[in-house]
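Contents: one structure, followed by commentary.
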Amino acid sequence: MAVVCRVPWSLAFGDQGRNPLPSPVSPNALLTAELIPQTRQHGLSLGDRACLALAIHHQATAYTTNTAWRNLRLGIDIEVIR
């Protein structure tokens, strides 16, 4: 999945508005993969990106103890709790 999302979704598959992958893929899984370019330089893990994807999807605050998240600009509130 990471390889698919190294280019914008619309460039890879067009704007058909449907999932071109052969099996059902969760929208949160796709968003998690799409976060790779924005989070790679901060050293975030797959789990970190999955947490952020859920927060983005639900427009919720993301809570973490990872201080690297302070530098992210993803359109959601991020609270570092340490």
Exercise. Please list, ordered by first then second residue, the pairs with beta carbon atoms under 6 Å, 6 or more apart or interchain, first in region 39-67 and closer than 17 Å to VAL80 by Cβ, second among the charged types (D, E, K, R) and assigned to a helix (DSSP H, G or I).
Key: THR39/ARG49
Exercise. Could you list, in sequence order, all residues of region 45-78 that are in a loop (DSSP other than H, G, I, E, B) and small (Gly, Ala, Ser)?
Key: SER45, ALA60, GLY75
Exercise. Any chance you could count how many residues in region 61-74 are of a type in the set (Gly, Ala, Ser) and either in contact with a strand residue (DSSP E or B) (Cβ under 6 Å, 6 or more places away or on another chain) or at pLDDT 95 or above (or both)?
Key: 1
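The values are calculated or read from the model by the stated rules, or taken from the named source; none is laboratory data. Since this is a predicted model, take the numbers as computed values, not measurements. Cβ coordinates were reconstructed from backbone atoms using ideal geometry, including for glycine residues, and neighbour counts include every protein chain displayed.
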